[in-house]
Every structure is written in C-alpha cells, then in structure tokens.
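Input: a single structure, listed below in structure tokens.
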Amino acid sequence: MTVLDRIRLGRRLRRQPRAPALPRTAESVAIIMDGNGRWARRRGLPVIAGHRAGTTALHRTVEIAPDFGIRSLCVYAFSTENWTRPDDEVSALLELLAETIRNEFDGLARKGVRIRFVGRRDRLSDVLRELMADTERKTAENPGLRLYIAFDYGGRAEIVEACRRIVRDGLDPDEIDADAIRARLADPELPDPDLVIRTSGEQRLSNFLLWQTAYSEFVFSPVLWPDFGAEPLRAALEEYAGRRRRFGGR
C-alpha cells in the first residue's frame, strides 16, 4: 500500500461513524436481576442452583462496574412479592443471602465497595439482620462503588411508608414536596438511576424503585442474569450512550 493509499484509507475511516463511547454520565445504574429460575431449568438443575449462579454474576458485575464509570449500583435481589414463592425456595434464598454476606461481601469491602441494604428487615431473622447491619457498619466509610441491595423491597410500600412518616412528623400540607418525600424514602442517599437494566428479556418494572426511576432510561437485555457480565453490561451502556435524555423537555 502506497503512502497515498494510506491517506485515502485514513480519510475513509475517519468518515465512518464511531461506536459510542462508554457513557461516563451513566454513573448510577440499577439492575433487575431476572432469569435465575429459567437458567436452572434449562440445565435440569434445581432453582436454587440458578440463584447461586446469580450471586456469582452479581460479584462479577460489581467488580467490573467501576471500570465502566459506574459509581452507584442498585440491584433487585428480593421483592416484597417474592414471599409468595414456595417456602423451600424462600428459605433457600434467605440462607443464600446470609452465605453471600459472609463469604463474598468481605472481599468486596476490601476493594472499597460501600454496601447498603434497602427494604424491610422486620421479617428477617435476627442473625440475618445483624449480618446486614454489620456489613453496613464495616463499609460505611469505603470510598468506592456504592452497592445497594434491594431485599424485601417494594416501590409502592416504600412510598406508602414515606407518606406515613410525613404524617408522623406532622408536616403541614404546604410543606410536602418532592424533597420531603425523598427524605423519607428507604435510603434518601440512593441516587436516581440514570439507567435501569432488566435481564432475561422481560419488559416490566416489577415494583422496583418507582419513585427513583421517573426519568431513568431502560434497557431490556435478553441475557439471563447468571450469564450477565462485562459484554452485556457494555452493550447496555452503549445503548444508553446513544440516547438523548430530555427529562420532560425538548
């Protein structure tokens, strides 16, 4: 190839559209971790095997998230409606959460991850509540990724409880605004997600962060959660990067 050919090729390449850069502005991401049961059934495994594989996917995603510029990650681990699942599955999920906190979260904490749990705790065992509280205490000052685990969480219940707190606090009706409600949500520090990802191809919110997702962008990934990792995350972020967020404007 001559020098002139190289110049012409370079010009053609510069005219081609570039792949979108990873969005540094997608600093807050939320994930509805869906598909554990289907992943297990397709392999002839018990459902809990899918949930266990899902914890591996969570660990993998938490570790790579900062590489993509993500500063806050909120994951939907167990909804208020999940209590209606078979008793043996619910018991296994609670045991798996305790196991994950004991065996996985210390490693994340050493990497600077700050861990918070969002949702009800009154229906959990004393042991599990103490594990959650201890994890929050140990990681409270960590400077890295902020990881929020939504467990026994429901968006409607969160808003109802915020309203109850407003009544208990005796606010005058004219004092009630968006800031007053946000201050009484489960964790007022939880940022509104720039991007919500739901895995497994399902396209619904399922009572997740109803207040916080008012202007979030959504990506529905066909990947089952246990198979989620760097490439599906990159694909979701690149799709997000190609969108223009208007927040109700033009």
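No value in this document is a laboratory result; all are computed from the given coordinates. What you see is a predicted model; the values in this text were computed from it and never measured. Note: ideal-geometry Cβ built from the backbone for every residue, glycine included; neighbour counts use all protein chains shown.
Of the listed values (1) 18.2, 55; (2) 20.9, 80; (3) 23.4, 91, identify the label whose number matches Rg and Dmax of the Cα atoms in Å calculated from this model.
Identified label for the calculated read-out: (2).
What is the distance, in nm, between label points placed 7 Å from the Cα along the Cα-to-Cβ direction at ALA235 and at ASN103?
My value for the distance between the label points is 2.9 nm.
Once the Cα gyration tensor of segment 63-126 is found, what semi-axes does its equivalent ellipsoid get, as square roots of 5 times the eigenvalues, in whole Å, sorted largest first?
Largest first, segment 63-126 gives 26, 14, 11 Å.
Averaging over every viewing direction, what projected area does the convex hull of the Cα atoms of segment 199-244 cover, in nm²?
Details: hull surface 14.5 nm².
Quarter of the Cα hull surface area: 3.6 nm².
Among GLY154, GLY107, GLY229, determine the one that fluctuates most according to a GNM of the chain built with springs between C-alpha atoms less than 10 Å apart.
GLY107
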